[in-house]
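These notes concern the structure reproduced below.
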Amino acid sequence: MAQYYTTMNLKSRFAPSPTGYLHLGNARTALFAWLAARSMNGTFILRLEDTDQQRSPDIYEKALLEDLQWFGIDWDEGPDRGGDHGPYRQMERLPLYDAYYAQLQTAGQAYPCYCSADDLAAERAVQRSAGKAPRYGGRCRYLSAEARAAREAAGMRPTLRFHIPDQGTLSVPDLVWGERHYALADLGDFVIRRSDGSPAFFFANAIDDALMGVNLVLRGEDHLTNTPRQILILQALGLPVPDYGHLPLLLGADGQPLSKRHGASSLRDLQHRGYLPAAVLNYLARLGHHYSATGFLDSVALAQGFALTQISRAPSHFDMVQLQHWQHEAVQSLDDAAVWNWLAPHLQDKVPTGREMSFVAAARANIV
Ligand code: GLU
Ligand code: ZN
């Protein structure tokens, strides 16, 4: 497998869409990407993929930064602190993509598509009834310049599609799943720019990684199917392709997607319930990654023990009972003054002044 980084220049990132409070699955993704960077003396970037404007109010950006900070994750480049590869909010990066659309079009690797939603639905219906997998058949691939001009003159606003080679196979290495092979003909020419001018998610995501020098992408398994398209785009543009690793889903103890009914689903839920960040760190770091050390580790030790080869392919199950174990460990790792700072807001003057430390000493073993 291609390795674009050495232990000296690894650059990973977390690229959340700030559309809600940070889900524990995404918190684990952030943690693994951060541990990978910190374990190899690399660089860690925070990039906000905020192009879904209706769902990205500012409160979520603020909450996201606060939650990551509470968790103990820091970043070397990001929206709040800048860096050499900014801007770090995708909405501020939109003009950067124009040159890449143009480069693909000039090279004949992208073309405008004027098909309406109805045209495309009809095409898919025909394919399905013939027992074929639905994909764009390439109707607008070879429109003449006149045909395009006529459509533009009629006010039609095209999407921009990537022109997939008709033959060949793409092999896609993955740090967790191993190598997968895709027949190019099955992918179909996909949209990289929507008719309103906005980039397709995977286009902006791939270009940003390349421009920011990211060479390790760790992200959720739900993005596996985006990867072949992203590699094709980067190869066509002559941009570097990062190494990808897709993390298996984080499920509830019952095997269902993790939600509130499992007790907690966001980092903020855990914070509000009094869990210590060190407890959550120790637990999430072990959900899908094997540590040979079984005891409590501080974040430096968690980074030292982290290895991409130790990421598991099996889905992980989030279990409040396990978290409770790590909470106990985390509390025991605090000194008395730190335990007091953690408890004081909840005790509402119940402990007489001067008696704090003896209270902590007596209560410590029973705290969780
Ligand atoms: N914005 C995407 C998400 O939150 C990022 C995916 C990626 O890390 O590449 O799922
Ligand atoms: Zn078309």
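The values are calculated or read from the model by the stated rules, or taken from the named source; none is laboratory data. Just so we're clear, the structure is a prediction, and the values are computed from it rather than from any experiment. All Cβ positions, glycine included, derive from the backbone under ideal geometry; neighbour counts span all protein chains shown. Calculation scope for accessible area: heavy atoms of the full protein, side chains included, ligands and nucleic acids excluded. Shrake-Rupley method; radii C 1.70, N 1.55, O 1.52, S 1.80 Å.
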*Around residue 189, with a cut-off of 15 angstrom between Cβ atoms, what is the net charge of the other residues, counting Lys and Arg +1 and Asp and Glu -1?*
+4
*Percent accessible area from carbon and sulfur atoms, region 204-343, protein chains only, probe 1.4 Å*: 53
*Tell me, what does the Kirkwood hydrodynamic radius of region 10-104 come to in angstroms if you use every pair of distinct C-alpha atoms?*
14.0
_Run the helix sum for the chain: -39,500 (n - 2.57) per DSSP H stretch of 4+ residues, divided by residue count, reported at 222 nm to the nearest 500 deg cm²/dmol._
-11500 deg cm²/dmol
*With only alpha-carbon atoms counted, please give the Rg and Dmax of the chain, in Å.*
24.3, 87
*So for region 187-242, what percent of the C-alpha to C-alpha distances run longer than 14 Å?*
54
_Could you give me D for region 254-322, from Stokes-Einstein at 20 °C and 1.002 mPa s, where the hydrodynamic radius is the Kirkwood radius over C-alpha pairs? Units µm² s⁻¹, please._
163
*How fast does region 102-203 diffuse by Stokes-Einstein, in µm²/s, taking the Kirkwood radius from C-alpha pairs at 20 °C and 1.002 mPa s?*
141
_Probe 1.4 Å, accessible area per residue of region 249-361, Å²_ = 52
*Surface share of carbon and sulfur [accessible, 1.4 angstrom probe, percent] for region 68-194*: 50
*Pick out, from 112, 130, 73, the residue whose Cα sits farthest towards the positive end of the charge dipole of region 40-170, with +1 on the Cβ of Lys and Arg and -1 on the Cβ of Asp and Glu.*
130
*asked:* Cross-link candidates for residue 11: which lysines have Cα within less than 26 Å, leaving aside residues fewer than 8 places away along the same chain?
replied: 62
*How many percent of all Cα-Cα pairs in region 152-256 sit more than 15 Å apart?*
68
*Which of the cysteines in the chain are isolated, no other cysteine C-beta under 4.7 Å?*
115
*Take the alpha carbon atoms of region 22-42, find their center, do the same for region 55-115, and report the distance between the two centers in whole angstrom.*
18
